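The values are calculated or read from the model by the stated rules, or taken from the named source; none is laboratory data. Keep in mind the model is a prediction, meaning the values are calculated, not measured. Cβ coordinates were reconstructed from backbone atoms using ideal geometry, including for glycine residues, and neighbour counts include every protein chain displayed. Calculation scope for accessible area: heavy atoms of the full protein, side chains included, ligands and nucleic acids excluded. Shrake-Rupley method; radii C 1.70, N 1.55, O 1.52, S 1.80 Å.
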Amino acid sequence: MLGETIPCRYRILQHDARDDYISVEVARNRAGRPVRSNRAYAEASVRILTGFIEPHLFAGFSGGPKAVLPGIADVEAIMDNTVRS
């Protein structure tokens, strides 16, 4: 997706939603529970997320804001966002 030269010139990270060490609290959801996101993303001065943008059967389009949640959120925030009470 990024070709050969981009990874040589820029730091490329792969997010792991289950790794607590790489996540930092960025907000609280409506229920008051923490929403944690990738620490490198939260601390970066320039943020670029990659992925597809295409029609989605249930969610309008893939990509866009979904690159952040669920894309680089922690597993708890992802599950909170998926399960509605």
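Please sort by residue number the GluC sites (Glu not before Pro) in the range 1-66 whose DSSP state is loop and whose Cβ has at most 14 other Cβ atoms within 10 Å. Can you show the working numbers first?
Numbers: sites: Glu4, Glu25, Glu43; in loops: Glu4.
Sites meeting the loop and neighbour criteria: Glu4.
Rolling a 1.4 Å probe over the protein chains gives Ser23 an accessible area of about 0 Å². Quick check: at a probe of 1.4 Å, how many percent of the accessible area of the chain sits on carbon and sulfur atoms? Percent of accessible area from carbon and sulfur atoms in the chain: 55. Stretched out straight at 0.36 nm per residue, the stretch from Val68 to Arg30 would grow longer than its current Cα-Cα span by 11.9 nm.
Approximating the spin labels as points 7 Å out from Cα along Cα→Cβ, the Ile48-to-Thr82 distance works out to 3.0 nm.
Stretched out straight at 0.36 nm per residue, the stretch from Ile6 to Ala40 would grow longer than its current Cα-Cα span by 10.4 nm. Estimated from the Cβ-Cβ distance and a Förster radius of 30 angstrom, the FRET efficiency linking Phe61 and Tyr21 is about 0.40. Values of log10 I(q)/I(0) for the chain across q = 0.20 Å⁻¹ run -1.03, by the Debye formula with one identical scatterer at each alpha carbon and no solvent.
For the chain, the dipole from Cβ point charges (+1 on Lys and Arg, -1 on Asp and Glu) about the Cα centre works out to 240 debye, to the nearest 20. Accessible area ranking (1.4 Å probe, heavy atoms, ligands and nucleic acids excluded), largest first, for Leu2, Leu57, Leu13: Leu57, Leu13, Leu2. Per-residue accessible area for Thr50 at 1.4 Å probe radius, Å² rounded to 10? The accessible area comes out at roughly 90 Å². Indicate the gyration tensor shape class of the range 27-75 (rounded, prolate or oblate), computed on the Cα atoms with a ≥ b ≥ c the square roots of the eigenvalues: a/c under 1.5 is rounded; otherwise a/b larger than b/c is prolate and the rest oblate. Verdict is oblate for the range 27-75. Summed over qualifying helices (DSSP H, 4 residues or more, each -39500 (n - 2.57)) and divided by its residue number, the chain shows a 222 nm mean residue ellipticity of -5000 deg cm²/dmol.
Ranking Leu13, Gly3, Gly60 by how far each Cα lies toward the positive end of the dipole of the chain (charges on Cβ) leaves Gly60 at the top.
Longest span of the chain, sites excluded, free of chymotrypsin sites (Phe, Trp or Tyr not before Pro) in DSSP loop with at most 11 other C-beta atoms within 10 Å? Before the final figure, lay out the partial values.
Details: sites that count: Tyr10, Phe52, Phe58.
Between the exposed loop sites, the longest stretch runs 11-51.
Among Arg36, Arg28, Arg11, the residue with the largest mean-square fluctuation in a Gaussian network model of the chain, with springs joining Cα atoms closer than 10 Å, is Arg11.
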